[in-house]
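**Student:** One structure follows; several queries about it will come next.
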Amino acid sequence: MRFGLAGTGYWAQITHAPALSSTAGVEFTAVWGRNPQAAAGLAAEYRATMYHDVPAFLAGVDAVCFAVPPDVQAPIATQAAREGKHLLLEKPVALTEAAADGLVEAAEQAGVASVVFFTNRFQPDVRAWLAEVQARGGWAGGVSAWLGSALRESNPFNTPWRRDQGGLWDVGPHLISLLWASLGPVTSVTADAGPADVAHLVLHHQGGPTSTATVTLSAAEAAAGLEAYVWGESGRLAAPVENVDPVAALSTALGELVANARAGQTEHPCDVRFGRDVGRVLAEAQRQIDARRAGLARA
């Protein structure tokens with residue numbers, strides 16, 4: 001299946017391009033990016049074709065792997081879906097509910113396969129942990145925190161959209177996805193903000209469990225880390241989320257997308273509909289945080 005890569009930044013260079021070039025059933029044929037020079041360099045490195053415009057880029061592929069900011073991803077992915085291209089999406093799928101809904105509608109109407117790259121959901125050890133969580137059952141809640149340092153000046157992930165949206169929209173989707181899969185669908189969220197981009201979420205899950213998530217991209221490097229666990233009558237069970245091989249995880253995601261596309265299967269546990277649902281939780285949390293900050297400003 002011919003894949004094009006939309007994006008040429010650091011994440012695309014260290015994860016998407018290597019995964020596309022090494023996954024069985026994937027032919028890495030095309031690159032498009034907002035920086036033509038970077039796109040040309042990445043295309044040359046992987047012997048792909050560099051495209052200057054999106055229509056020509058889409059015309060030459062069967063599927064698109066995205067590594068661009070969410071406000072760039074959503075309209076291109078919607079266009080790609082309408083043209084029958086299968087989608088390997090980054091999280092969040094969009095920054096507005098309207099854009100996410102439009103993307104879902106386009107994918108459903110075209111009948112294309114989609115997978116959203118919630119990285120840890122494609123790790124074998126995390127999948128084994130989720131299977132144990134489901135087998136044991138009886139969980140009352142979960143606790144999670146992602147203290148990132150991406151907004152430090154020298155960090156390669158210190159990009160404009162992350163500075164604008166903070167940890168809630170960048171790493172928040174990963175924790176919500178993991179808690180959703182382990183404790184059940186999220187039915188409501190209560191959110192508040194700390195200093196800088198710190199956000200605290202309390203999630204209610206279908207059936208009664210509750211969980212918490214704290215996220216930031218502004219932590220000192222000495223404090224940076226990721227943890228998540230569920231707890232209940234049988235004790236606590238920690239998720240193995242610290243050791244990640246993103247290329248292997250993305251290769252798994254690509255393989256599952258290709259298999260679904262060939263089988264005419266559009267549903268996946270991490271498909272675009274799930275990505276939209278996670279985005280709805282983020283949007284509601286953002287509304288509450290914005291209202292809280294506005295109230296404090298008036299006080």
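The values are calculated or read from the model by the stated rules, or taken from the named source; none is laboratory data. Every value quoted in this text rests on a predicted model; they were computed, and no experiment measured them. Neighbour counts run over all protein chains shown; Cβ positions are idealised from the backbone, glycine included. Areas reflect the complete protein model, heavy atoms only, side chains present, ligands, DNA and RNA absent. Shrake-Rupley method; radii C 1.70, N 1.55, O 1.52, S 1.80 Å.
**Student:** For the chain, what does -39500 (n - 2.57) per DSSP helix run (n ≥ 4), summed and divided by total residues, give at 222 nm, in deg cm²/dmol to the nearest 500?
**Tutor:** -14000 deg cm²/dmol
**Student:** Report the full-extension gain for the segment E97 to E132: residue separation times 0.36 nm, less the Cα-Cα distance, to one decimal in nm.
**Tutor:** Separation in residues times 0.36 nm, less the Cα-Cα distance, equals 9.3 nm.
**Student:** P(r) of region 210-252 in 10 Å steps, Cα pairs, percent per bin?
**Tutor:** 19, 39, 35, 7
**Student:** Which whole-Hz ³J(HN,Hα) couplings does region 202-208 yield from phi under the Karplus relation 6.51 cos²θ - 1.76 cosθ + 1.60, θ = phi - 60°, glycine and proline marked x?
**Tutor:** 10, 10, 9, 10, 4, x, x
**Student:** Along the principal axes of its C-alpha atoms, what lengths does region 105-218 span, in descending order and rounded to whole Å?
**Tutor:** Result for region 105-218: principal-axis Cα extents of 43, 39, 28 Å.
**Student:** Could you work out the Rg to Rh ratio of region 1-70, with Rh taken as the Kirkwood radius (inverse of the mean 1/r over all Cα pairs)?
**Tutor:** Over the Cα atoms of region 1-70, Rg/Rh equals 0.91.
**Student:** If you don't mind, another one. About its Cα centre, how strong a charge dipole does the chain have in debye, to the nearest 20, once Lys and Arg get +1 and Asp and Glu get -1 at the Cβ?
**Tutor:** 180 debye
**Student:** Largest first and in whole Å, give the semi-axes of region 160-247's equivalent ellipsoid, each being the square root of 5 times a Cα gyration tensor eigenvalue.
**Tutor:** Values: eigenvalues 104, 56, 30 Å².
In descending order the semi-axes read 23, 17, 12 Å.
**Student:** Beta carbons within 10 angstrom, averaged per residue: use that to sort the peptides 158-164, 277-283, highest first.
**Tutor:** 277-283, 158-164
**Student:** Now, a different point. What is the distance, in nm, between label points placed 7 Å from the Cα along the Cα-to-Cβ direction at A294 and at A59?
**Tutor:** Result: 4.6 nm between the two label points.
**Student:** Once Rh is set to the Kirkwood radius over Cα pairs, what Stokes-Einstein translational diffusion coefficient, in µm²/s, holds for the chain at a temperature of 25 °C and a viscosity of 0.890 mPa s?
**Tutor:** Result for D is 125 µm²/s.
**Student:** On to the next question. Which net charge results when you count Lys and Arg as +1 and Asp and Glu as -1 among the other residues whose beta-carbon is under 15 Å from that of G194?
**Tutor:** Numbers: positive: R292, R293; negative: D192, D197, D290.
Around G194, the surrounding residues sum to -1.
**Student:** In region 188-299, carbon and sulfur make up what percent of the accessible area (probe 1.4 Å)?
**Tutor:** Answer for region 188-299 is 52 percent, counting heavy atoms of protein chains only.
**Student:** Moving on. Once the cut-off is 15 Å, how many percent of the Cα-Cα pairs in region 60-140 end up in the long-distance tail?
**Tutor:** Values: 1940 of 3240 pairs.
Looking at region 60-140, the distances longer than 15 Å represent 60 percent of pairs.
**Student:** I've got another one for you. To the nearest µm²/s, what D does Stokes-Einstein give for region 210-299 at 37 °C and 0.692 mPa s, using the Kirkwood radius over alpha carbon pairs as Rh? Write out the running numbers ahead of the final one.
**Tutor:** Details: Rh = 17.3 Å.
Rounded to a whole number, D works out at 189 µm²/s.
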